[in-house]
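Heads up: the structure comes next, in structure tokens.
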Amino acid sequence: MSVEGKAKILRIFLNEKTKLGNELVYEAMVQAAFKKGIEGSMVFRGVEGFGFCCDQCRTIHEGMTISVKCQPMVIEFIDTEAKLNELLPILKGMLKTGAMIMQDADIVFNQG
């Protein structure tokens, strides 16, 4: 079933290299969302930035944009507020450092 109209976007800022056991956290989060039937998810790699995703991202090193230890990443999940609120405790349990924000969204087209 496709969602159109009022929705929410859950955006998570984290370090790409962060693991949960032997699995990368971003992969575990996307799998958890898929199993919960979340409408959609997308993972983005950060080109440049600082803050939010890990302690290494709080410093910009001279001659480098960001620390090589930091690989900033953003994951977005889009669905109804109710569905994302069901997923939220699972994702919070996976994230040790980073940030999560929830924003209003209007889905104006959804075919796929």
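The values are calculated or read from the model by the stated rules, or taken from the named source; none is laboratory data. If you're wondering where the values come from, they're calculated on a predicted model, not measured in any experiment. We place every Cβ from the backbone using ideal geometry, glycine too, and count neighbours over all the protein chains shown.
Against the test of being modelled with pLDDT of 70 or more, assigned to a helix (DSSP H, G or I) and surrounded by fewer than 19 Cβ atoms within 10 Å (Cβ to Cβ), the options Val30, Val43 yield a single qualifying residue, Val30. Collect the residues in the stretch 57-79 that are surrounded by fewer than 19 Cβ atoms within 10 Å (Cβ to Cβ) and modelled with pLDDT of 95 or more, keeping them in residue-number order. Glu76 - this is the single residue of the stretch 57-79 that is surrounded by fewer than 19 Cβ atoms within 10 Å (Cβ to Cβ) and modelled with pLDDT of 95 or more.
Check whether at least one residue in the stretch 104-112 is at pLDDT 95 or above and either assigned to a loop (DSSP other than H, G, I, E, B) or exposed (fewer than 11 other Cβ atoms within 10 Å of the Cβ) (or both), and report yes or no. So far as the stretch 104-112 goes, yes, one or more of its residues are at pLDDT 95 or above and either assigned to a loop (DSSP other than H, G, I, E, B) or exposed (fewer than 11 other Cβ atoms within 10 Å of the Cβ) (or both).
Looking only at the stretch 18-25, decide whether some residue is at pLDDT 95 or above and under 11 Å from the mean Cα position of the chain (by Cα). So far as the stretch 18-25 goes, yes, one or more of its residues are at pLDDT 95 or above and under 11 Å from the mean Cα position of the chain (by Cα).
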